[in-house]
1. I'd like the full set of residues that are surrounded by 12 or more Cβ atoms within 10 Å (Cβ to Cβ) and aliphatic (A, V, I, L, M), limited to region 83-98.
2. So how many residues does region 51-72 have that are among the aliphatic types (A, V, I, L, M), in a loop (DSSP other than H, G, I, E, B) and surrounded by fewer than 15 Cβ atoms within 10 Å (Cβ to Cβ)?
3. For the subset of region 134-154 comprising residues that are modelled with pLDDT of 90 or more, under 17 Å from V3 (Cβ atoms) and in a loop (DSSP other than H, G, I, E, B), which member is least open to solvent (accessible area, probe 1.4 Å)?
4. Looking at this structure, is I118 β-branched (V, I, T), outside any helix (DSSP H, G or I) and at negative phi?
Amino acid sequence: VVVGYELTWRLAAFINSHAPASQFHWDAVSRSGIVASAIAGLLSGLDEEHLANAIAIGAASAYTLREVRTAEISMLKAAANATVAHSAVIATMMANAGVTGPPEVLEGEHGMLAAFGIDVDDRFHAEVLGPIARWKIADVTVKPYPAIGTSQGAIAAALALFHDHGLRAGDVDRLELRLVDIATSRRQIA
């Protein structure tokens with residue numbers, strides 16, 4: 001779990017700092033193709049060669065479009081990460097059985113970084129694979145409600161109002177909610 005959080009954070013930080021999200025339609029759950037393959041491979045005790053193949057297979061087959069969380073939200077939004085992680089576990093099983101993946105799936109001429117328009121240089125190895133000064137799991141927070149992060153305060157406030165005043169759904173004629181006006185909120189409001 002600790003390695004998974006570290007790898008997830010490092011991949012996100014690297015990709016987001018070198019390729020603005022507006023340039024591609026890759027959803028963040030796609031990272032789980034790499035991360036879940038790494039975790040499953042470590043838990044399975046794969047050697048270095050098989051682990052590299054598991055990660056390569058997982059990375060090559062995990063592209064999820066950001067459409068899963070825009071406009072009218074489908075049920076897939078909640079299952080998208082699990083779907084990718086499932087594929088990553090299958091990738092790990094394939095690698096364990098001897099199936100190989102593209103060795104330069106991340107840094108290759110037609111690899112993931114190239115798809116984002118990121119020039120491959122030593123930054124990737126330093127920022128994603130470099131030494132760990134402080135584990136990122138120490139910075140993890142969990143949303144209390146299954147909704148966009150920018151709505152968490154509004155949900156807590158509404159629940160407090162209902163609780164404090166003994167309200168029920170039938171007591172409310174109209175509810176107006178205003179969220180912070182940022183790109184994340186605008187993308188997820190139909």
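The values are calculated or read from the model by the stated rules, or taken from the named source; none is laboratory data. No experiment lies behind these values; they were computed from the predicted model shown. Every residue, glycine as well, gets a Cβ built from its backbone with ideal geometry; the counts of neighbours run over all protein chains shown. Accessible surface is based on the protein model in full, side chains and every heavy atom, while ligands, DNA and RNA are left aside. Shrake-Rupley method; radii C 1.70, N 1.55, O 1.52, S 1.80 Å.
1. Filtering region 83-98 down to residues surrounded by 12 or more Cβ atoms within 10 Å (Cβ to Cβ) leaves 83-96.
Residues satisfying the conditions are V84, A85, A88, V89, I90, A91, M93, M94, A95.
2. Narrowing region 51-72 to residues among the aliphatic types (A, V, I, L, M): 51-52, 54-57, 59-60, 62, 65, 68, 71.
Remaining after also requiring in a loop (DSSP other than H, G, I, E, B): 62, 71.
Filter once more, keeping what is surrounded by fewer than 15 Cβ atoms within 10 Å (Cβ to Cβ): 71.
The number of residues fulfilling the criteria is 1.
3. The residue in question is W135.
4. On the way: β-branched (V, I, T): yes; outside any helix (DSSP H, G or I): yes; at negative phi: yes.
So I118 passes the test.
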